[in-house]
Structure formats: structure tokens, C-alpha cells
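Below: the structure, in C-alpha cells.
The values are calculated or read from the model by the stated rules, or taken from the named source; none is laboratory data. The structure displayed is predicted, hence computed values, not measured ones. Every residue, glycine as well, gets a Cβ built from its backbone with ideal geometry; the counts of neighbours run over all protein chains shown. In case anyone asks, the SASA skips ligands and DNA or RNA and just uses the protein heavy atoms, side chains included. Shrake-Rupley method; radii C 1.70, N 1.55, O 1.52, S 1.80 Å.
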Amino acid sequence: MVLINLGIGRADSTKKHGERTKRTLDLKNDEANHITLLGKSGYGKTTIMRGMIEEIYSSYSDAGIPPIIIVIERKVDTSKPKKVIEIYHEESEKLSSAQLSRKYGEGIWNYIEHYVNELENDKELKYGLMGDFSIGFPNILGKYTKMESDEYKSLLGRHGLSPAAYPARRFVFRPRRNIKDIAFDNGPLTETVDSKLAYPDIPFEIIADMNNFSETARYSAILKNIWDIQKIREPGEVLNIAASYETFNSGPSQTYLRIEETMNRLRSDSLFSGDSKHSFLKQITNKKINILDFSQNSELDSFEECLIFKLVVQHAINVAIKYRIPVFFVADEVQNFMRDPAGKWAIDKILREGRSLCINLICATQYTDNLPKDVLIGSSHIGIMGKLASNTDTKTLEKLIPDFKDVVDFDEPGSLSEYESLKRKLRFRGYFSYNKDYTEHIEYRQPQSL
Ligand SMILES: Nc1ncnc2c1ncn2[C@@H]1O[C@H](COP(=O)(O)OP(=O)(O)OP(=O)(O)O)[C@@H](O)[C@H]1O
Ligand SMILES: [Mg+2]
């Protein structure tokens, strides 16, 4: 069992002073610990997930079982670099450099200075697209931003934390911009990989899906035989074998041409590589936090994202069986996977097999509406950030969580100005339902990274 810090709850009189409000979550090693986070846009789901990742990374590493953490990132957040620039100028005017080093940490402030300089001299617009999970970048925003309720405490200070960067390996697919620039935007501890699917990693079904194969076609049967049964994963060799099946009367058959077209696509598409050393699956590590960059940085169709996710889940299952290490998938905007058969397969697989293999799913979404019941039913714990996005979601949760109705109460604003202040107050706060059995109010742990 590993304990992670979840945040600050209401005072608990049975505990020692100091410990009275601290909330931890037990993560079990022989059970699944699936968590779903819900909440309206902008109330902090992504931010809080980052905090959870940091907890999991450090607590498991301290316990001597570094887990594999695989984050599926969906968006870049252009407001973060803008805020970094604003904070830099405002703070530089107010505080001396000694004070700044003391407040943010010397190395960190020097880095911020360097980052801001580069961004302000960036004529070619290379930078400024920071990922939702720029876990390699220290969270100076959380150190700078004061609590709504206590102007002497910062968001991070409230939790006894300071800005820090965590090591990340970011996998970009068919990169839309220079991968060095992507790394720079995501902080000094981020490494970026131009990620390829190596031929040996790609099962026939993926090739068939990507090329719209018809299941009953002859080319499909032939290629499946060569690729999956004979295990020939080299396009030239595949074509030689396919040619040997030909009866050359009047030029190549439609079957051969279709196989040739498919092999040519593998050879020319930068997403694929013949060299198994380039396999991105082999570079998934438990030394760093793995980020699958499905934001605008990668030029992928959504069905390709789902196929890659499916491959990664299959890979993780193999690794979990072989090495017995815990795996955590962190899927933001999880509803995106549900519309696609491969994506749905992957989520279902984690939900079902996770229990025996210690493969965990931490996911977030705005609405429960388009979320299959399986995800909520399969989740051990449910967190709410800010407030729910619709009344039907409230109804769904009332059915699922026995004490929900008694505990959860969302304040309704009486005026527009009240609404604005309520919105600020509710950010990063909400409810947490432990095992869908006990629900309470919580201020979630802030992330140290941005
Ligand atoms: N430490 C911080 N201090 C202040 N603001 C922050 C901090 N960290 C993140 N933010 C900002 O808070 C906003 C909301 O956070 P977040 O992106 O986590 O919300 P979300 O629930 O994931 O929203 P969505 O559903 O739109 O993705 C973001 O604009 C982010 O830049
Ligand atoms: Mg988000």
C-alpha cells in the first residue's frame, strides 16, 4: 500500500493537531485504484491531475517501486506562458534578485528569466505552446497566486509546497514543430522524443485499420498471413512473398497492388520506422513521467491516437506481467476515447484487467453524460472539481454514491459578481468520494509543476 497526499479536508477532532486536516489516499498494490475526476471547464481538473501524478511518482519511488506513469495529454495551454511572463515582470519590479531567489529558488528564478528572455525575442513564433502537462516546468504561478480566502498564503504555500520540476519524457508523433522547441516550452526537465511505431510493434489489425482493409478481401488474408503468422515485418520481404503468390498473366493483380500500396505507406509515413531501435514503446520508462503528446504538437487523426493508445495499453500489460510494476494511465478528456472502438477497447481493458495487474486509470472529463457507465462503475474513487457541468450528472452520481445527496452541496450565486468570486473560490476545491463510500469536501493538493 502506498499513501499519496490528496489535499486538505475539514478538521478531524480525533487526530493530532497538524494531522487534523491532512487527507491521504491509500493506493493498493493488489487492487485497481481507478479514479475519475469530474467538473466544469476551468475549475482545475487538469491541474489537480498533475498534482496526483507528482504524488504517485514520488511516493512510489520512495517506496522503492517506481511505477510506469503514462499521461495522455490533449491540449496545450497558451495562457500559462503568458502568465509566466507577467509574473516575471511584476515580481522583478517589486522584489530584489536576492528576494526572488529566496522566494522561488535561485535555479528556478534564473531559469524563468532565461525562458522569458527567449519568449520575448521569439520572432519566428517557435515557443509559447506549453502542454497541459508541462511537468518539467516549475509552477511559479502557484507560488505567486494568493489564496482567495487568505491573502498571506499562496496556493502552493497553503499545502506546504514550493515550485519544482519533475522529469518527463514527452512522446510527439509526426511533430508539427521542432521537437527541441517543444521540449523548451515544457521545462528544463522535459526530454522530447520524435516517436515512431517500429514495424515489429505493429500488429496486422492496426495496419488493417489504418488502411481501411476489408476483412474478407484476399489482400487482407494474404498480408495477415505474411505479417502476423510468418512474422515477416520488412516491406521488401513482404512484397517478395506476395509476388511469389502471383500468377503473372497480365501484370500484377489487384491483391498485389493493394499490398504494395500498404507497404509503401509504411515506408513513406514518418510515423513508422523499420528500425526497431526507434520503437517508442521501448522508450517508455519508469524513471520519468511518460507523456503521450496528443496535443496540437502531433499531427494525428483521432483514430490514430486511439490505435496508439491501444498499442501502449497492450505493451503496458506485457510489462506489468513481466516485471510486476504498477502502471498508471492518466487520461485527460477521456470521453475522446469512447467514440472509437480502439479507444474504448483500451479503456475497458484497463478497467477490467487493471485489478489483477495493478494497472490503474486516472481520468478526467467534464460530463458524465457521454461517459459510459463502465468508467464510473469501474472507478474506486470519484473526485469533483468546482462543480458539476449538468443536473443530469448530479442525478447520475446520486445513484452511484449513497452519501452524495447528504454531503455534496453546490452554492448557487445570487448575482453576477457573486458568481465571479464563487468561481475563483471553487477552483481546485470540491468533493472526494473514497471508494464511493465516504464523501467529503476537499481542497486538492496543488501541483509543483506547471
Ligand atoms: N497554480 C495555478 N494558479 C493559478 N491558476 C492556475 C494554476 N495552475 C493552473 N492555473 C490555471 O487555471 C485554469 C484552470 O485549470 P485547468 O486547466 O486545470 O482546468 P480544467 O478543469 O482542466 O479545464 P478544462 O475542462 O477546460 O480542461 C487554467 O487556465 C490554468 O492556466
Ligand atoms: Mg483540462
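Observations, loosely collected:
- Candidate set: region 54-108, residues that are without any contact (Cβ under 8 Å) to a residue 24 or more places away in the chain and either open to solvent by less than 20 Å² (accessible area, probe 1.4 Å) or of a type in the set (A, V, I, L, M) (or both); chosen: the one farthest from TYR444 (Cα to Cα): ALA98
- Selection within region 121-154 - within 15 Å of ligand 1 (Cβ to nearest atom), of a type outside the set (A, V, I, L, M) and closer than 16 Å to ILE85 by Cβ: GLY128, SER134, PHE137, PRO138, ASN139, LYS143, TYR144, THR145
- Scan of region 32-68 for residues that are in contact with a Lys or Arg (Cβ under 6 Å, 6 or more places away or on another chain), more than 8 Å from ligand 1 (Cβ to nearest atom) and more than 13 Å from ILE4 (Cβ to Cβ), ordered by number: ALA32, LEU37
- All positions within region 407-421 that are surrounded by 10 or more Cβ atoms within 10 Å (Cβ to Cβ) and outside any loop (DSSP other than H, G, I, E, B): VAL407, GLU418, TYR419, GLU420, SER421
- Evaluation of GLU73 against (1) more than 18 Å from the chain's Cα centre (by Cα); (2) of a type outside the set (Gly, Ala, Ser); (3) within 16 Å of ligand 2 (Cβ to nearest atom) (one fails), failing number: (1)
- Residues satisfying the stated conditions in region 173-195, i.e. in contact with an Asp or Glu (Cβ under 8 Å, 6 or more places away or on another chain), open to solvent by 10 Å² or more (accessible area, probe 1.4 Å) and over 14 Å from PHE137 (Cα atoms): ARG174, PRO175, ARG176, ILE179
- Elements of type strands (runs of 3 or more DSSP E) contained in region 1-52, each with 1 or more residues being touching a Pro at 6+ places or on another chain (Cβ under 6 Å) and without any contact (Cβ under 8 Å) to a residue 24 or more places away in the chain: none
- Residue within region 382-396 that is away from ligand 1 (no atom under 16 Å from the Cβ) and either part of a strand (DSSP E or B) or surrounded by 21 or more Cβ atoms within 10 Å (Cβ to Cβ) (or both) present: no
- Among (1) open to solvent by 10 Å² or more (accessible area, probe 1.4 Å); (2) more than 16 Å from ligand 1 (Cβ to nearest atom) - the single one GLN296 does not satisfy: (2)
Residues checked against (1) of a type in the set (D, E, K, R); (2) at pLDDT below 95; (3) farther than 26 Å from MET130 by Cβ:
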{"residue": "ASN297", "(1), (2), (3)": "no, no, no"}
{"residue": "SER302", "(1), (2), (3)": "no, yes, no"}
{"residue": "TYR323", "(1), (2), (3)": "no, yes, yes"}
{"residue": "PRO326", "(1), (2), (3)": "no, yes, yes"}
{"residue": "ASN336", "(1), (2), (3)": "no, yes, no"}
{"residue": "ARG352", "(1), (2), (3)": "yes, yes, yes"}
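- Residue pairs whose Cβ atoms lie under 7 Å apart, sitting 6 or more positions apart in sequence or on different chains, and linking a residue in region 136-152 that is outside the structural domain of SER421 (by TED's automatic domain parsing) and open to solvent by less than 50 Å² (accessible area, probe 1.4 Å) to a partner that is within 11 Å of ligand 1 (Cβ to nearest atom) and β-branched (Val, Ile, Thr), are ILE140/VAL84; ILE140/ILE87; LEU141/ILE87.
- Filter pass, VAL327 being more than 16 Å from ligand 1 (Cβ to nearest atom) and more than 19 Å from ASN290 (Cβ to Cβ): no
- Any chance GLY378 is more than 16 Å from ligand 2 (Cβ to nearest atom), in contact (Cβ under 8 Å) with a residue 40 or more places away in the chain and in the same structural domain as ILE325 (by TED's automatic domain parsing): yes
- The residue pairs whose first member lies in region 233-249 and is under 17 Å from GLU261 (Cβ atoms), whose second member is polar (S, T, N, Q), and whose beta carbons are closer than 7 Å, counting only pairs six or more residues apart or on different chains, are GLU246/SER253.
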